[in-house]
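The values are calculated or read from the model by the stated rules, or taken from the named source; none is laboratory data. Note that the structure is a prediction, hence the values are computed from the model and not measured. So basically every Cβ, Gly included, is an ideal-geometry build from the backbone, and we count neighbours across all protein chains shown.
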Amino acid sequence: MTPHPQFGPSSLRQAIVLQVRQIVGGTGDDTIERNRQDTGFFGPESVCWKVHGDLASMMVGGITALLVQMLHPGALAGVWDHTDFRHDMAGRLKRTAHFIAGTTYGDRAEAQAYIARVRAIHARVAGTLADGTPYSADDPELLTWVHVAEVSSFLAAYVRYVDPALPPDEQDRYFRETAEIARRLGSQGVPQSRAEIAAYFRATRPKLRYDERTREVALALLSQRPPSAAVAPAMSLAFDAAKELLPDWAAEMHGFRLSAPRRAAARLGVQTLGRTLRWALINSAEARARRRAEQLAREERPAQDA
């Protein structure tokens, strides 16, 4: 029996894409892809193109990253003093998603434009901690913390939910690749391997804190209202999976204790969600970038043969 067009695969894909846009934004417009002049800082053979191309694991990793980042007093102060986190946490997630997509899949000019915009914002974010210590969003040490919390969470989610067999040297290559963005943002001494990441966390943990403000920012993140009833189950899964993905020391600081059945349900749910999204998002940023990379390669061949 031929399915009614309203319920066919194309319609289902379109419905899923619309729900995804409510969460992370984006229009799927290919104007940038048509005008792309190069394959950016990394290119289609890079590890970060693969890792950043899986939406479900990136959603989970992104939430985990925010939970880790806010344990640093400087990072927390920047959110507390300079953002409307109580009412715009979803906006922050969308802006982060756009930055990651733009710097990963955009050409060099587009990626650098994203970096320049973020640096301009950072230049205006500064203040004083409760103990009188000054902080600044463009402090290289703080930038490194934010970067490490982010990329370590992205990779952990990808390994758990997409490719548990990703070779160790490929995981290290991911950290080397993404360090390029951190350096362009102003970071210094960026860890570039799993061993260096682990050593960095050990060295930084004594500086981390959890207090009432941390609790309030975490609550704002984990209790944000879904944009529609249809995406509420996926958001709930992502929140549980993000807690479960945290390093043990970070989960302990936050006081998160998920039961074994709840952890298992989160893992199974995200795995199912990931398969569904990979089926539906055939016009994702990664897919569009890969098509444009193939086109650029075809255009280069006649010139090389001439």
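Structure summary
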quantity: Arg95 being surrounded by fewer than 20 Cβ atoms within 10 Å (Cβ to Cβ), among the basic types (Lys, Arg) and modelled with pLDDT of 95 or more; calculated: no
quantity: Test for Pro261: is it of a type outside the set (Ser, Thr, Tyr) and within 21 Å of the chain's Cα centre (by Cα); calculated: no
quantity: Every pair of residues 6+ apart whose Cβ atoms lie under 9 Å, when the first sits in region 232-249 and is under 24 Å from Arg205 (Cβ atoms) while the second is part of a loop (DSSP other than H, G, I, E, B) and of a type in the set (Phe, Trp, Tyr); calculated: Lys243/Phe256; Glu244/Phe256; Leu246/Phe256
quantity: Qualifying residue in region 154-162 (condition: more than 19 Å from Ala251 (Cα to Cα) and free of Cβ contacts under 8 Å to residues at least 12 places away in the same chain); calculated: no
quantity: Top-ranked residue of region 207-232 - restricted to ones that are at pLDDT 95 or above and in a loop (DSSP other than H, G, I, E, B), ranked as surrounded by the fewest Cβ atoms within 10 Å (Cβ to Cβ); calculated: Asp211
quantity: Candidate set: region 37-90, residues that are free of Cβ contacts under 8 Å to residues at least 40 places away in the same chain and part of a loop (DSSP other than H, G, I, E, B); chosen: the one surrounded by the fewest Cβ atoms within 10 Å (Cβ to Cβ); calculated: Glu45
